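A short worksheet on the structure shown next.
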Amino acid sequence: MSTMFENMGIDLGIVVIFLMLIVIILIIITMKLHMGMNRLNKKYRLFMRGKDAESLERIFQKKFIQLDKMEQVDENHAAAIAALKHVQDNTLNKYGVVKYDAFDDVGGKLSFALALLNTADTGIVLNAIHSKENCFLYVKEIVKGESYIMLSDEEIEALRIAKRYGEIENNENIM
């Protein structure tokens with residue numbers, strides 16, 4: 001065999017050194033893999049502590065119980081949100097106000113029409129008429145944006161503002 005390397009013009013010592021370098025590199029790689037395997041085994045033993053992975057099973061059971069509780073809480077929250085939505089839809093959460101002078105001899109726009117509506121545009125219109133001697137307050141029912149009793153111009157305007165509540169910004173008629 002030495003004649004084969006000699007015929008090729010390669011020194012036998014160089015081949016031995018090259019093979020030793022390869023062996024050293026393989027030993028280093030093997031040691032690195034062995035250390036990584038030891039770390040992985042330690043983590044595995046820590047994770048699987050207990051007899052027949054009992055601790056892992058307990059951990060999974062606890063997590064499943066927590067998930068079940070979270071699902072129940074989520075269902076409760078959904079029901080509470082639905083109930084709040086129902087309540088909000090029935091509250092008088094839209095309004096419109098129009099101030100005006102009911103009589104020529106009374107100034108300062110002390111009279112007003114106030115429309116209070118829910119999200120279905122059902123509610124009331126209050127009209128307070130202020131004179132020098134008295135103040136009169138009238139209430140008219142509104143169902144789905146309509147009144148069965150004739151409305152004054154100021155009441156119609158207050159109703160229009162309330163119906164569009166949230167759409168208009170900086171309207172002079174809104175207080």
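Points to keep in mind about this one:
- Cα long-axis angle, helix 54-90 against the chain (0 to 90 degrees, to the nearest 10): 20 degrees
- For the chain, the longest principal axis of the C-alpha atoms and the axis of helix 12-47 are separated by about 40°.
- Those GluC sites (Glu not before Pro) in the stretch 81-159 that DSSP places in a loop and that have at most 15 other beta carbons within 10 Å: 133
- Once C-alpha pairs closer than 8 Å and six or more residues apart are averaged by separation and normalised to the residue number of the stretch 94-163, the relative contact order reads 36 percent.
- Flagged links, alpha-carbon separation over 23 Å, of 42/69; 85/144; 63/85: 42/69; 63/85
- Loop sites in the stretch 125-168: chymotrypsin sites (Phe, Trp or Tyr not before Pro), DSSP, at most 10 other Cβ within 10 Å: 148
- For the chain, calculated [θ]222 nm from helices alone, where every DSSP H run of n ≥ 4 adds -39500 (n - 2.57): -18000 deg cm²/dmol
Coordinate-derived values only; no laboratory data. Quantities reported herein were computed from a predicted structural model and do not represent experimental measurements. Positions of Cβ are generated from backbone atoms using ideal geometry, with glycine treated the same way; all protein chains shown enter the neighbour counts.
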